[in-house]
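Chemist: Encoded as structure tokens, here's the structure I'll be asking about.
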Amino acid sequence: MSTHAPISYSSRRRLARRLVGSTISVVERDLILETLAHTQGNRTVSAHLLGVSVRSLRNKISVYSAEGFYIPRHESRGKSAETIAAKTHPQDKAAAMPVALARMRAVAASDYGS
């Protein structure tokens, strides 16, 4: 399984231009949350795709959750990681990223039933 979608240099530059003005921590958070959504909340596959350890990913998820962001739950307990990661063609992931980032929102504490 490839960990990176084959994206052209010009496509990466266009995406980078859209991110200008965002802090690295915000871009990192959005990428992590979008990857979790893509893998239906599977932390192991998300960590692999992002190139980080599962422990590092879980630590970041804890911070984001405490800040009130929605964290996708694992929906596919009975499926293997390869099945989940192989569902989407790599080019589809690259095309969906700007749309998905635009849809992200902070979640109020009331959304958690607190």
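Chemist: Taking the range 20-44, which residues are over 13 Å from LEU57 (Cβ atoms) and surrounded by fewer than 16 Cβ atoms within 10 Å (Cβ to Cβ)?
Modeler: Scanning the range 20-44 gives VAL20, GLY21, SER22, THR23, ILE24, SER25, VAL26, VAL27.
Chemist: May I ask you to list the residues in the range 16-57 that are within 13 Å of HIS74 (Cα to Cα) and either polar (S, T, N, Q) or in a helix (DSSP H, G or I) (or both)?
Modeler: Those that are within 13 Å of HIS74 (Cα to Cα) and either polar (S, T, N, Q) or in a helix (DSSP H, G or I) (or both): LEU33, THR35, LEU36, ALA37, HIS38, THR39, GLN40, ASN42, ARG43, THR44, VAL45, SER46.
Chemist: Same structure, new question: Being closer than 30 Å to ARG14 by Cβ, of a type outside the set (Asp, Glu), at pLDDT 55 or above and crowded, with 17+ Cβ neighbours inside 10 Å is true for just one of LEU49, LEU101. Which residue is that?
Modeler: Answer to the check: LEU49.
Chemist: So, one more: I'd like to know if the range 59-81 contains one or more residues that are touching a Ser or Thr at 6+ places or on another chain (Cβ under 9 Å), assigned to a helix (DSSP H, G or I), closer than 28 Å to SER8 by Cα and at pLDDT below 95.
Modeler: Taking every residue of the range 59-81 in turn, at least one turns out to be touching a Ser or Thr at 6+ places or on another chain (Cβ under 9 Å), assigned to a helix (DSSP H, G or I), closer than 28 Å to SER8 by Cα and at pLDDT below 95.
The values are calculated or read from the model by the stated rules, or taken from the named source; none is laboratory data. This one's a predicted model, so the numbers in the text were calculated from it and none came from an experiment. Using ideal geometry, Cβ is built from the backbone for each residue, glycine included, and neighbour counts are taken over all protein chains shown.
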